[in-house]
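Everything on this sheet refers to the single structure shown next.
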Amino acid sequence: MLVSSSSSAQQARDALGLRLREIRLEAGLTASALAALMGRHHAKVSRIEHGSAAPSEADIREWCRHCRIPEQIPDLLASLRAVEGMWIEWRRMEVAGLRHAQEAVWPLYERTRQFRVYTPNLLPGVLQTRGYTTAVLEAIRRRRSVPDDVEDAVAVRMERKRILRDTRHRFAILIEEAALAAGVGGAEVMIGQLGHLIEVSAAPTVSLGILPARPDRDDAWPVEGFWIFDDEQVQVELVSGHLTVTQPREIAMYAQVFAELSAAALYGFAARSRITAAIDAIGA
């Protein structure tokens, strides 16, 4: 699990390791004694307990068996799977193609009422046109060498856009001005996309802010793109994988950054003027 020690995934793994250590101590076993019973090197038990190594399902089963608490195996396995799900490499998520990755997030979208979205370089999926989505997913397919099901994946994302018309959901979306000029799909696709962005910004469920490029954004500089789903979780897309943040303290940090970025954004006529200027620049 290639994440930093400050990430939600690492904190969850630390918590699982601490729980396993407590189980071992309650059973009256030393780390070396438990390792011998499990047929593992004693260093592995130590690494698991300190969060520097993730246990396997077999480790969990053996751990509980030798600590004489087999009834806790289902609970601990569920915790392990939750930890593993926090950080997923793209190659694992997209092994069957891009359509599955698009479909997998739909239940989360349906239950979320407040979306807070920040994107520094690409426009978010719910605001994309078919041409823009096709260009983005084609680029992803080539970069990650995944099966070619782009047409099906695009269809799923286009269907998901209907959530914008559902008044049970609210979207607060912040876009860096640089994303308006990003070269995606060519001039025709970008002009159509930016025109669509102006249309969608008038939807009653959408609040759209454009973060202007200027030299005095000391308290609201660009960061990695992220989505906040209610106060339940944050999702961050990185080059190598997909991170899900669930620790309340970290969610609060993203919410604070979102508030700071919101204060620096342009809205309404000022935002639409920036989009129109981007359209003019592409068509010039």
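Below are the figures for this structure:
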| item | result |
| --- | --- |
| Percentage relative contact order, the range 93-181, counting C-alpha pairs under 8 Å, at least six apart | 49 |
| Nearest-0.05 FRET efficiency for GLU250 and ASP219, computed from C-beta distance (R0 30 Å) | 0.95 |
| Computed over the chain: relative contact order in percent, which uses C-alpha pairs under 8 Å that are six or more apart | 19 |
| Expected 222 nm ellipticity per residue - DSSP helices of 4 or more, -39500 (n - 2.57), all of the chain, to 500 | -16500 deg cm²/dmol |
| Spherically averaged projected area in nm², based on the convex hull that wraps the Cα atoms of the range 125-234 | 8.6 |
| Cβ-derived FRET efficiency at R0 22 Å, LEU238 paired with ARG19, nearest 0.05 | 0.20 |
| Net length gained if the chain between THR205 and GLN114 were fully extended (0.36 nm per residue, minus Cα distance) | 31.8 nm |
| Tensor-based shape of the range 94-283 (alpha-carbon gyration tensor, a/c under 1.5 rounded, otherwise prolate or oblate) | rounded |
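Read the figures in this text as sums done on the coordinates, not as results from a lab. This structure is a prediction, so every number in the text was calculated from the model and none was measured. Here the Cβ is made from the backbone with ideal geometry for all residues, glycine too, and neighbour counts use every protein chain on show.
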